[in-house]
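Novice: Here it is: the structure, laid out below.
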Amino acid sequence: MTNLPAMPIDTSKQGTTYDAAEFEVEAARISQYADAVHEENPVHRDAEAAKAAGFKDVVAPPMFVVVYSAPAMGPAIWDAIGDMLPRMVHGGQEFVWAEPVCAGDTITTQATLAEVYEKDGKGFFVFESVSKNQDGDEVVRATWTNIVRGV
Amino acid sequence: MQTGDSIPEVKITPDAGLTKRYAEASGDPNPIHVDEEFAKNVGLPGCILHGLYSMAQVARANTAAAGGDPRSLKRLAVQFRGMGFPEQEITVTGTVKEERKGRIVVDTVAEQNGNGIIRNAEAELEPV
């Protein structure tokens, strides 16, 4: 790694809850995502196969959470990390899944900046998010740990 | 799946265009994954894989081990370690650690050329 000039982290936003953001799930986005991560199960592409497996429509692979969470997580990360984004790496990630997500669902995600701290010259930004479907059922709960180098 | 059993290994070599396709599919605009020059300017050896793409390979291996139904993956927690690169084979391996509250807990690792890119990954499975 190149030596980067030290840049203090801003901890003032710890505890911020960001505006919830919606994502309308389309079958085409699910199959595009499934292609990109090599998920071959036809339930991610074919509505009939999905229905035969007990889903109401084409179902998302679990990790599609990154797609429907993006409208909430993008602005939250930008607000908390901003100019330091080029120094950001992803440190850790946890997802706890509940209801499956299918084409036709509208998913609402709300993010909180749970914790900001500095350790060993790195800044840690820990976000928590909860996503629910249009019926109010939880689909995923997530913890996103982002690390900023050179603080 | 019994404690101590290995899950079936998953091997995948992301091609040179993968990071661009993943960036479009996931909506992650970070140029360190798709712009070689930008990546080098921020001190990286070149474009790196998205950590969440590598995590998706860990998710895929665990879902497949549970029989392939996407509902069977209940929880996945990972730590990203080291960088993953396009055009190098990723190997995902896992071992059943225990049964916890009716769920099968699998410790999983993703490696490239012997370097761990995902470590301490813990999956909880409930085969459908």
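Novice: Hey, does region A:83-99 have a residue that's open to solvent by 10 Å² or more (accessible area, probe 1.4 Å), at positive phi and at pLDDT 95 or above?
Specialist: Taking every residue of region A:83-99 in turn, none turns out to be open to solvent by 10 Å² or more (accessible area, probe 1.4 Å), at positive phi and at pLDDT 95 or above.
Novice: Would it be correct to say that B:G67 is out of contact with any Asp or Glu (no Cβ under 7 Å at 6 or more places or on another chain), at positive phi and open to solvent by 40 Å² or more (accessible area, probe 1.4 Å)? Steps first, please.
Specialist: Numbers: out of contact with any Asp or Glu (no Cβ under 7 Å at 6 or more places or on another chain): yes; at positive phi: yes; open to solvent by 40 Å² or more (accessible area, probe 1.4 Å): yes.
Taking the combined requirement at face value, the residue satisfies it.
Novice: Only one of B:Q2, B:Q57 is open to solvent by 50 Å² or more (accessible area, probe 1.4 Å) and within 30 Å of B:I104 (Cα to Cα). Can you tell me which?
Specialist: On the way: B:Q57 fails: open to solvent by 50 Å² or more (accessible area, probe 1.4 Å).
Just a single option satisfies the conditions, and that option is B:Q2.
Novice: Where residues in region A:105-119 are in contact with an Asp or Glu (Cβ under 6 Å, 6 or more places away or on another chain) and surrounded by 15 or more Cβ atoms within 10 Å (Cβ to Cβ), which of them is farthest from A:A27 (Cα to Cα)? Write out each step before concluding.
Specialist: Here is the first cut: in region A:105-119, the residues in contact with an Asp or Glu (Cβ under 6 Å, 6 or more places away or on another chain) are A:106, A:108, A:112, A:114.
With surrounded by 15 or more Cβ atoms within 10 Å (Cβ to Cβ) added as a condition, the list becomes A:108, A:112, A:114.
On the way: A:T108: 17, A:T112: 29, A:A114: 33 Å.
Ranking the candidates gives A:A114 first.
Novice: Would you point out the residue of region B:72-91, among those that are of a type in the set (A, V, I, L, M, F, W, C) and closer than 15 Å to B:L49 by Cα, that is most open to solvent (accessible area, probe 1.4 Å)? Don't jump to the end; show me each part of the working.
Specialist: Initially, region B:72-91 is screened for residues of a type in the set (A, V, I, L, M, F, W, C), giving B:73, B:76-78, B:80, B:83, B:85, B:90.
With the extra rule that they be closer than 15 Å to B:L49 by Cα, the set shrinks to B:80, B:83, B:85, B:90.
Details: B:F80: 23, B:M83: 65, B:F85: 49, B:I90: 1 Å².
Filtering region B:72-91 for residues that are of a type in the set (A, V, I, L, M, F, W, C) and closer than 15 Å to B:L49 by Cα, the one most open to solvent (accessible area, probe 1.4 Å) comes out as B:M83.
Novice: Okay, moving on. Which one of these is touching a Lys or Arg at 6+ places or on another chain (Cβ under 6 Å) and among the aliphatic types (A, V, I, L, M): B:V96, B:V42, B:V34, B:V58? It would help to see each step written out before you state the result.
Specialist: Details: B:V96 fails: touching a Lys or Arg at 6+ places or on another chain (Cβ under 6 Å); B:V42 fails: touching a Lys or Arg at 6+ places or on another chain (Cβ under 6 Å); B:V58 fails: touching a Lys or Arg at 6+ places or on another chain (Cβ under 6 Å).
None of the others qualify; the one that does is B:V34.
Novice: Would you say B:G43 is open to solvent by less than 20 Å² (accessible area, probe 1.4 Å) and either basic (K, R) or not in a helix (DSSP H, G or I) (or both)? Show your work before the answer.
Specialist: Working: open to solvent by less than 20 Å² (accessible area, probe 1.4 Å): yes; either basic (K, R) or not in a helix (DSSP H, G or I) (or both): yes.
Considered against the rule, which asks whether it is open to solvent by less than 20 Å² (accessible area, probe 1.4 Å) and either basic (K, R) or not in a helix (DSSP H, G or I) (or both), B:G43 comes out as yes.
Novice: Counting just the residues of region B:100-112 that are modelled with pLDDT of 95 or more and open to solvent by 20 Å² or more (accessible area, probe 1.4 Å), which one comes out nearest to B:G17 (Cα to Cα)? Quick ask: steps written out before the conclusion?
Specialist: Step one: filter region B:100-112 for residues modelled with pLDDT of 95 or more, giving B:103-112.
Okay, now just the ones that are also open to solvent by 20 Å² or more (accessible area, probe 1.4 Å), so B:103-104, B:107, B:109, B:111.
Numbers: B:R103: 37, B:I104: 35, B:D107: 30, B:V109: 24, B:E111: 20 Å.
Looking at the filtered set, the residue picked out is B:E111.
Novice: Which numbered condition trips up B:D35, out of (1) in contact with a Cys (Cβ under 8 Å, 6 or more places away or on another chain); (2) open to solvent by 70 Å² or more (accessible area, probe 1.4 Å)?
Specialist: (2)
Novice: Let me ask you something else. Residues to consider are A:A6, A:A52; find the one that is small (G, A, S), more than 21 Å from A:V140 (Cβ to Cβ) and touching a residue at least 40 places away in the same chain (Cβ under 8 Å).
Specialist: Working: A:A52 fails: touching a residue at least 40 places away in the same chain (Cβ under 8 Å).
Step by step, each of A:A6, A:A52 is checked, and only A:A6 is small (G, A, S), more than 21 Å from A:V140 (Cβ to Cβ) and touching a residue at least 40 places away in the same chain (Cβ under 8 Å).
Novice: If you don't mind, another one. May I ask you to list the residues in region B:79-111 that are assigned to a strand (DSSP E or B) and either free of Cβ contacts under 8 Å to residues at least 12 places away in the same chain or under 11 Å from the mean Cα position of the chain (by Cα) (or both)? Show your work before the answer.
Specialist: Of the residues in region B:79-111, the ones assigned to a strand (DSSP E or B) are B:79-80, B:90-100, B:103-111.
Scanning region B:79-111 gives B:Q79, B:F80, B:I90, B:T91, B:V92, B:T93, B:T108, B:V109, B:A110, B:E111.
Novice: If you don't mind, there's one more thing I want to ask. So is B:D28 facing chain A (nearest Cβ under 9 Å) and charged (D, E, K, R) or not? Quick ask: steps written out before the conclusion?
Specialist: On the way: facing chain A (nearest Cβ under 9 Å): yes; charged (D, E, K, R): yes.
The answer is yes for B:D28.
Novice: Considering only region A:56-72, how many residues are open to solvent by 10 Å² or more (accessible area, probe 1.4 Å) and more than 9 Å from chain B (Cβ to nearest Cβ)?
Specialist: Count: 2.
Okay, residues lined up against (1) at pLDDT 95 or above; (2) of a type in the set (G, A, S):
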{"site": "A:V59", "(1), (2)": "yes, no"}
{"site": "A:G74", "(1), (2)": "no, yes"}
{"site": "A:G104", "(1), (2)": "yes, yes"}
{"site": "A:Q110", "(1), (2)": "yes, no"}
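Novice: Which of (1) over 14 Å from the mean Cα position of the chain (by Cα); (2) open to solvent by 50 Å² or more (accessible area, probe 1.4 Å) does A:E39 not meet, given it meets every other one?
Specialist: (2)
Novice: Looking at B:V78, B:V106, B:V34, which one is more than 8 Å from chain A (Cβ to nearest Cβ), of a type in the set (A, V, I, L, M, F, W, C) and under 28 Å from B:M1 (Cβ atoms)?
Specialist: B:V106
Novice: How many residues are closer than 19 Å to A:A60 by Cβ, in contact with a helix residue (DSSP H, G or I) (Cβ under 7 Å, 6 or more places away or on another chain) and touching a residue at least 60 places away in the same chain (Cβ under 8 Å) when one looks only at region B:27-62?
Specialist: 2
The values are calculated or read from the model by the stated rules, or taken from the named source; none is laboratory data. Predicted model only: the values in this text are computed from it and were never measured. No Cβ is skipped: glycine too gets one built from the backbone with ideal geometry, and neighbour counts run over all protein chains shown. Note: areas computed on protein heavy atoms with side chains; ligands, DNA, RNA excluded. Shrake-Rupley method; radii C 1.70, N 1.55, O 1.52, S 1.80 Å.
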